[in-house]
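**Student:** Provided herewith is a single structure, encoded as structure tokens, for subsequent inquiry.
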Amino acid sequence: MALSASVHAATAADEAIIERIKPVGSVCVQGDENCGGAAAAAATASAGGGRSGEEIYTGKCAACHATGVLGAPKFGTNEMQLRLDEKGMETLLSHAINGFNAMPPRGTCNDCSDEEIQASIDHMLSN
Ligand code: HEC
């Protein structure tokens, strides 16, 4: 009887561990109906395009683009516009996302969605 009780206790402990680690191991894809609660809200916040181009620019891109570090097209000049005229938006966006020479992928904004990168390019072009 003592043996069976201890086996049962071990099983219960295992189940408790499985229960505890389950949410960590489950993958939450944006838009997945099964992902509820704070984790889903956090995932949406970081990948959902909720930030404005100005916020992303100020937080991430300005470090180089405000002063033209390493030849970055400088904010408040027509340098980005000239690149747009020359290469087109598709190329600018893909360079901003994938990196281009000294321009780091996503301008170091690793949790920026493609839409947020686009919005920050638009912000630079509109100034
Ligand atoms: C570490 C410095 C740095 C940061 C941070 C940075 N950039 Fe850049 N970026 C550059 C440099 C340098 C270039 C010019 C690269 C070249 O022409 O060789 C550039 C070029 C670009 C271009 C033009 C690409 C092309 O094809 O001519 C775009 C668009 C761009 N950056 C967008 C962004 C956005 C959006 C952010 C913020 C999310 C950002 N950058 C953050 C350094 C930076």
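What follows draws every value from the coordinates through simple rules; no lab data is involved. Source: prediction; values computed, not measured. Here Cβ is always computed from backbone atoms with ideal geometry, including for glycine, and neighbour counts include all displayed protein chains.
**Student:** Could you tell me whether any residue of segment 49-67 is over 16 Å from His123 (Cβ atoms) and either near the ligand (Cβ under 8 Å from one of its atoms) or more than 13 Å from the chain's Cα centre (by Cα) (or both)?
**Tutor:** yes
**Student:** I've got another one for you. Can you tell me which of Asn110, Asn78 is under 15 Å from Asp122 (Cα atoms) and more than 9 Å from the ligand (Cβ to nearest atom)?
**Tutor:** The match here is Asn78.
**Student:** Output the residues belonging to segment 81-99 that are among the small types (Gly, Ala, Ser) and more than 6 Å from the ligand (Cβ to nearest atom). I'd like the intermediate steps shown before the answer.
**Tutor:** Step one: of segment 81-99, the residues among the small types (Gly, Ala, Ser) are 88, 94, 96, 99.
Hits for segment 81-99 are Gly88, Ser94, Gly99.
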